[in-house]
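Read-outs throughout are calculated quantities, based only on the coordinates presented, and are distinct from any laboratory measurement. These numbers were taken from a predicted model, which means no experiment stands behind them. So basically every Cβ, Gly included, is an ideal-geometry build from the backbone, and we count neighbours across all protein chains shown.
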Amino acid sequence: MIYKRIITKKVRDTFIDVQNHNYNKVLGGISSNVIHHFAGDHALGGTRHDKDALRKWFERLGRVLPKLTFQVNDVVVKGFPWNTLVIARWVATTKLINGQKYVNPGVHFISIRWGKAYKFDVYEDTQVVANGLAQQAKYGIKEAVAEKIVS
């Protein structure tokens, strides 16, 4: 029970670190042989297999949606320290450059081994992401429609 509370807090804190652009702290809790999959055919989509590519992805996220915030609604922790599955349900929100409100609910499936996350599968409405990124690009953030960062 204590383990599940610790992991739940760590996951919630990590979402706060992402929205505050504290990427070094986020990456400190991630295995060097990470698999990070973000669904969708857009500048944030694709799969990364190393921390360097993941760092670049987080940095891009911070540039294309700089004021993105997360409301984490549920965190479910299952398993033991050597094999843990976390399911986090959240809503991402921000205001786009054109003033349009961006709201996108999603879910992370996170695999953790001995305190280090090694696999992330992220699912949300990919059309909302693509439309939001297209709006950001239209108003000057060209990276919002750049090629995917994959490795």
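Taking the alpha-carbon distance from LYS9 and a cut-off under 16 Å, which lysines remain once sequence neighbours fewer than 8 residues away in the same chain are dropped?
LYS25, LYS78, LYS116
Relative contact order (percent) for region 2-145, with alpha-carbon contacts under 8 angstrom and 6 or more residues of separation?
23 percent
Restrict the search to region 1-83; then list the chymotrypsin sites (Phe, Trp or Tyr not before Pro) that DSSP places in a loop and that have at most 11 other Cβ atoms within 10 Å of their Cβ.
Listed in order of number, the matching sites are TRP82.
Among the chymotrypsin sites (Phe, Trp or Tyr not before Pro) within region 88-151, which fall in a DSSP loop and have no more than 14 other Cβ atoms within 10 Å of their own Cβ?
The qualifying sites are TRP114, TYR139.
May I ask you to order 74-81, 125-132, 28-35 by the average number of other C-beta atoms within 10 Å around their residues, highest value first?
Put in order of decreasing packing, that is 125-132, 28-35, 74-81.
Run through every distinct alpha carbon pair of region 2-145 and return the Kirkwood hydrodynamic radius in angstroms, one decimal place.
15.5 Å
Please sort by residue number the GluC sites (Glu not before Pro) in region 68-151 whose DSSP state is loop and whose Cβ has at most 13 other Cβ atoms within 10 Å.
Here the GluC sites (Glu not before Pro) that fit, given the DSSP loop and packing criteria, are GLU147.
What is the angle, in °, between the Cα long axis of helix 126-138 and the longest principal axis of the Cα atoms in the chain? Nearest 10 is fine, range 0 to 90.
With both axes taken from Cα atoms, the answer is about 40 degrees.
Could you go through region 71-82 in sequence order and give the Karplus-derived ³J(HN,Hα) for each residue, using 6.51 cos²θ - 1.76 cosθ + 1.60 with θ = phi - 60°, rounded to whole Hz, and x for Gly and Pro?
Calculated HN-Hα couplings, in order: 10, 8, 8, 9, 9, 10, 10, 9, x, 10, x, 8 Hz.
Tell me, what ³J(HN,Hα) does each residue in region 60-68 have, in order and in whole Hz, if you take phi through Karplus 6.51 cos²θ - 1.76 cosθ + 1.60 with θ = phi - 60° and put x for Gly and Pro?
5, 3, x, 7, 8, 9, x, 10, 5
Across region 30-39, in residue order, what do the Karplus-derived ³J(HN,Hα) couplings come to in whole Hz, using 6.51 cos²θ - 1.76 cosθ + 1.60 with θ = phi - 60° and x for Gly and Pro?
So the Karplus estimates, Gly and Pro as x, are 10, 5, 5, 9, 6, 10, 10, 10, 10, 5 Hz.
With r as the distance between the Cβ atoms of ARG5 and ALA146 and R0 = 25 Å, compute the FRET efficiency 1/(1 + (r/R0)^6) and round to 0.05.
The formula returns an efficiency of 0.05 here.
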